[in-house]
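The values are calculated or read from the model by the stated rules, or taken from the named source; none is laboratory data. For clarity, every value in this text was computed on a predicted model and none was experimentally measured. For neighbour counting, all protein chains shown are included, and Cβ atoms are generated from backbone atoms with ideal geometry for every residue, glycine included. Note: areas computed on protein heavy atoms with side chains; ligands, DNA, RNA excluded. Shrake-Rupley method; radii C 1.70, N 1.55, O 1.52, S 1.80 Å.
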Amino acid sequence: DTRKRDFSQPDKLSDVCLLVGGENVHVSRTVLALHSPVFEAMFFRSFEEAGKSEVEIREVLHEVWTKKIFVRSLQRY
């Protein structure tokens, strides 16, 4: 269950750290890409973020990201 996982710390499934509202969110590029065409483009096409281990997500508050965008996008599938 994604709500029980601590995304603030890296684990065996995470391969990128998103910096959201000044806080770390450790995630899997592949999982994000499967659920979002934006992340698919960001991580698997010729964008500079594809080669980075840390990516800043600007203009989104951490609370909004974790409670609304991230968890809801994963729960759809």
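Things to note:
- Across the range 23-56, the number of residues qualifying as at pLDDT 85 or above and within 21 Å of Arg5 (Cβ to Cβ) comes to 17.
- Filter result (part of a strand (DSSP E or B) and more than 10 Å from the chain's Cα centre (by Cα)) within the range 13-38: Glu23
- Residues that are charged (D, E, K, R) and open to solvent by 70 Å² or more (accessible area, probe 1.4 Å) were ranked within the range 13-30; the one that is nearest to Ala50 (Cα to Cα) is Asp15.
- Failed item in (1) part of a helix (DSSP H, G or I); (2) open to solvent by 80 Å² or more (accessible area, probe 1.4 Å), with Pro10 passing the rest: (1)
- Total residues in the range 39-58 satisfying the condition of being open to solvent by 100 Å² or more (accessible area, probe 1.4 Å), over 16 Å from Asp15 (Cβ atoms) and not in a loop (DSSP other than H, G, I, E, B): the figure is 2.
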